[in-house]
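Below is one structure, written out as structure tokens, with a few remarks after it.
Bear in mind that the values in this text are calculations on the coordinates, not laboratory data. Note that the structure is a prediction, hence the values are computed from the model and not measured. When we count neighbours, we look across all protein chains shown, and the Cβ atoms used for this are built from the backbone with ideal geometry, even at glycine.
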Amino acid sequence: MARPTGIPVWKDIGVATPPAEGTLEEKKIVIVGGGPVGMAMALDLGQRGHEVVIVTRWDFLPAYSKAICWSKRSLDILDRLGVGQKLVDKGVVWNVGKVFRGDEKEPVYEFDMLPVKEQKRPGFINLQQYYAEEYLFDAIKALPNVDFRSGHEVTGVTQDDGGVVIDVACEGVSYKIRTTWLIACDGNKSSIRDLMGLDFEGRVFEDNFLIADITMKQGRPSERWFWFDPP
């Protein structure tokens with residue numbers, strides 16, 4: 001697939017060499033989507049000894065924030081996968097959130113995401129998504145039983161009594177994979193759902209947010225502050 005324009009590159013991972021034109025491969029587990037969910041699934045299954053193919057259309061990790069908050073439960077899962085400590089070491093740790101209005105000095109509401117103290121992980125950390133993707137990718141590449149196919153795009157899905165056959169394209173080469181398990185981890189704009197005629201049944205927020213990644217020195221505690229009608 002051609003690299004999208006206007007998206008900064010955090011890490012170039014290259015295009016995985018495709019099989020010969022017209023090949024039909026037999027694989028037990030195929031994951032589509034190379035974001036944090038797809039990579040976490042591949043890493044989890046790979047660490048349990050399963051042979052896994054992960055297919056993602058991009059050949060790089062993009063350098064923009066997307067998800068920036070990682071909950072305690074997410075960190076617990078990433079701990080089990082062996083990458084949780086890296087996120088905590090790199091991220092901004094916080095438990096307390098405060099909501100302000102206008103130029104009022106005192107918050108109108110505040111909360112503590114970790115009311116029970118002395119736990120291994122904080123309530124939240126803030127960290128750009130591409131760091132998590134890099135840590136997951138590096139862990140996956142250390143597993144010989146996980147085949148990471150970057151730069152490969154799924155163009156068709158056919159389901160029958162024997163499983164699923166997907167059509168894959170990579171740099172002018174087309175091939176097929178028959179699999180017992182096809183796991184779609186390609187986001188809210190999932191091409192797999194589109195190819196199968198499925199709707200997105202999740203919840204959608206209509207709010208618009210502007211995310212800016214900055215480095216600053218300040219004397220305030222590490223807390224989540226949110227303003228209505230900011231001064």
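Values computed for the structure shown
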{"item": "Estimated FRET transfer efficiency when R0 is 22 angstrom, pair Thr17-Lys176 (beta carbons, to 0.05)", "result": "0.85"}
{"item": "Residue order, fewest to most surrounding Cβ atoms within 10 angstrom, among Thr179, Thr5, Thr17", "result": "Thr5, Thr17, Thr179"}
{"item": "Excluding exposed DSSP-loop GluC sites (Glu not before Pro) (at most 10 other C-beta within 10 Å), longest clean stretch of the chain", "result": "22-117"}
{"item": "HN-Hα J in Hz across segment 103-109 - Karplus 6.51, -1.76, 1.60, θ = phi - 60°, x for Gly and Pro", "result": "9, 5, 7, 9, x, 7, 7"}
{"item": "Dipole magnitude of the chain about its Cα centre (Cβ charges: Lys, Arg +1; Asp, Glu -1), debye to nearest 20", "result": "680 debye"}
{"item": "Bins of 10 Å from zero: percent of alpha-carbon pairs in segment 95-148", "result": "18, 25, 27, 18, 9, 3"}
{"item": "Exposure proxy order (Cβ contacts within 10 Å, fewest to most) of Arg80, Arg220, Arg121", "result": "Arg220, Arg80, Arg121"}
{"item": "Pairwise label distance in nanometres, Val108 with Ala67, each label 7 Å out on the Cα-Cβ vector", "result": "3.0 nm"}
{"item": "Over 26 Å (Cα to Cα) - which of Lys28/Lys141; Lys11/Lys176; Lys11/Lys90 fall in this group", "result": "Lys11/Lys176"}
{"item": "Lys189 paired with Val92, simple spin-label distance in nm, labels 7 Å along Cα-to-beta-carbon", "result": "2.7 nm"}
{"item": "Inter-probe distance in nm under a simple model that places probes 7 Å from Cα toward Cβ, at Glu118 and His50", "result": "3.8 nm"}
{"item": "Dipole magnitude (debye, nearest 20) for segment 6-48, charges at Cβ of Lys, Arg, Asp, Glu", "result": "180 debye"}
{"item": "Theoretical FRET efficiency, 1/(1+(r/R0)^6), r = Cβ-Cβ of Glu26 and Gln159, R0 25 Å, to 0.05", "result": "0.95"}
{"item": "Förster radius 22 Å - calculated FRET efficiency between Ile7 and Ala142 (Cβ-Cβ, nearest 0.05)", "result": "0.25"}
{"item": "Expected 222 nm ellipticity per residue - DSSP helices of 4 or more, -39500 (n - 2.57), all of the chain, to 500", "result": "-6000 deg cm²/dmol"}
{"item": "Selection from Gly102, Phe205, Ala42 lying farthest towards where the dipole of segment 23-228 points positive, charges on Cβ", "result": "Gly102"}
{"item": "Residue order, fewest to most surrounding Cβ atoms within 10 angstrom, among Lys72, Lys141", "result": "Lys141, Lys72"}
{"item": "Principal semi-axes in Å for segment 23-228 [√(5λ), Cα gyration tensor, largest first]", "result": "38, 19, 15"}
{"item": "In segment 42-96, the chymotrypsin sites (Phe, Trp or Tyr not before Pro) that fall in loop regions by DSSP, at most 14 other Cβ within 10 Å", "result": "Tyr64"}
